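Heads up, the thing below is written out as structure tokens.
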Amino acid sequence: MKRFAPHEFKNQVKWDEAWKPLIIIPVDVYKDIHCIVEAAKTEVTWIGTIKRLDEQKYYLQEVFLTEQVGSSAHSKLTAQGLGKWTREIVTERPDESEWIINNFRFYGHSHPGMSTSPSSQDNEEFNNIVRDTKDYFVRCICNKDGRMEMSVIFFAQKLKITDVAWELHIPIEEERKKKWRQEVKDKVQVRHNYGYHYQRQHHHQAYQPAYETPPRYAARIPGYQESATDLETDKTNAPTKTEERDKKDQETERTEIVKESPKTTTPLEINQDDAEDVEVDVNEVQFHQKQSNEYRGHNHGRKAWWSSPGSGY
């Protein structure tokens with residue numbers, strides 16, 4: 001067996017796809033960044049504070065512009081400019097100065113006429129800014145074509161995630177909500193209709209077929225409810241064509257059975273001793289007629305075939 005030997009290694013980093021960072025930008029901060037990039041004729045850099053909401057969401061709280069040197073291909077923050085910004089925060093906002101300085105976790109940069117990919121000089125400048133950071137930092141590159149690209153760097157894990165998703169945060173003031181709620185209440189009339197919402201509220205009701213079902217067959221259809229037409233038909237008691245046809249068929253069959261009965265001499269002459277047997281035969285005929293009517297009902301009025309009483313059907 002050969003000894004194990006190192007091969008050409010191809011490192012791959014995988015993590016849970018459900019864990020994806022998201023940068024949340026308030027509308028006012030978005031407007032500030034837009035104005036900075038639009039006003040600068042050269043490349044420009046700005047810094048900001050980040051509030052970490054959870055493991056995935058990062059809220060861009062505020063941005064600041066400090067003294068720097070810019071050109072068409074590069075911009076560089078100066079130590080004097082960062083020192084001056086720190087003193088201004090401590091003097092002008094003493095209650096918030098500690099939080100602002102400790103949460104300085106955002107670095108923004110513009111490429112006026114180029115893509116949002118960082119150059120080697122950009123990477124060198126960024127590394128000088130974040131060299132003392134231990135946890136994370138958010139990086140942003142914008143251009144005048146309307147593209148904003150975010151990246152998040154996790155220093156402890158030595159992990160960099162590029163082209164991170166970002167979205168605008170548009171808060172709605174409570175006073176504005178109250179104002180328009182009252183406007184809607186005073187000026188909008190509610191008219192009830194039987195559209196989509198009505199159908200959803202009454203979807204549990206029994207199904208009613210689109211066609212008109214005769215009342216005498218309705219009991220065999222599960223969930224059927226009698227309509228006004230059915231009730232009116234029951235009140236009139238007028239025989240339908242189907243009922244007339246059934247009655248005629250019954251009379252015809254009764255006559256034929258009596259003629260074919262071996263216990264009778266003629267269709268109209270029946271012995272007194274055999275009268276009871278003939279009556280039994282008639283009851284049996286009625287029983288089979290009922291079964292045939294049910295078969296006809298299940299087939300929605302289709303003419304059923306008839307058989308003799310002794311056939312078993």
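Please treat every number below as a calculation from the coordinates, not as lab data. Since we're looking at a predicted model, the values are computed, not measured. Positions of Cβ are backbone-derived with ideal geometry, glycine not excepted, and every protein chain shown enters the neighbour counts.
Computed extension gain for Gln182 through Ile101, at 0.36 nm per residue and net of the alpha carbon distance, reaches 24.8 nm. Extension gain for Ile170-Asn128 works out to 11.7 nm (0.36 nm per residue, less the C-alpha to C-alpha distance). When its C-alpha radius of gyration is set against 2.2 N^0.38 Å (N residues), the stretch 81-194 gives a value of 1.66. Label-to-label distance, Ser120 versus Asp16, with points set 7 angstrom from Cα along the beta-carbon direction: 4.0 nm. Counting beta carbons within 10 Å around each of Met148, Met1, Met114 and listing the fewest first gives the order Met1, Met114, Met148. Counting beta carbons within 10 Å around each of Phe154, Phe9 and listing the fewest first gives the order Phe9, Phe154.
Evaluating kT/(6 pi eta Rh) at 20 °C and 1.002 mPa s, with the Kirkwood radius of the stretch 91-136 over Cα pairs in the Stokes-Einstein relation, gives 165 µm² s⁻¹. Counted by neighbouring Cβ atoms within 10 Å, the residues Ser110, Ser117 run from fewest to most as Ser117, Ser110. On full extension, the segment bounded by Thr86 and Glu67 gains 5.7 nm, given 0.36 nm per residue less the C-alpha separation.
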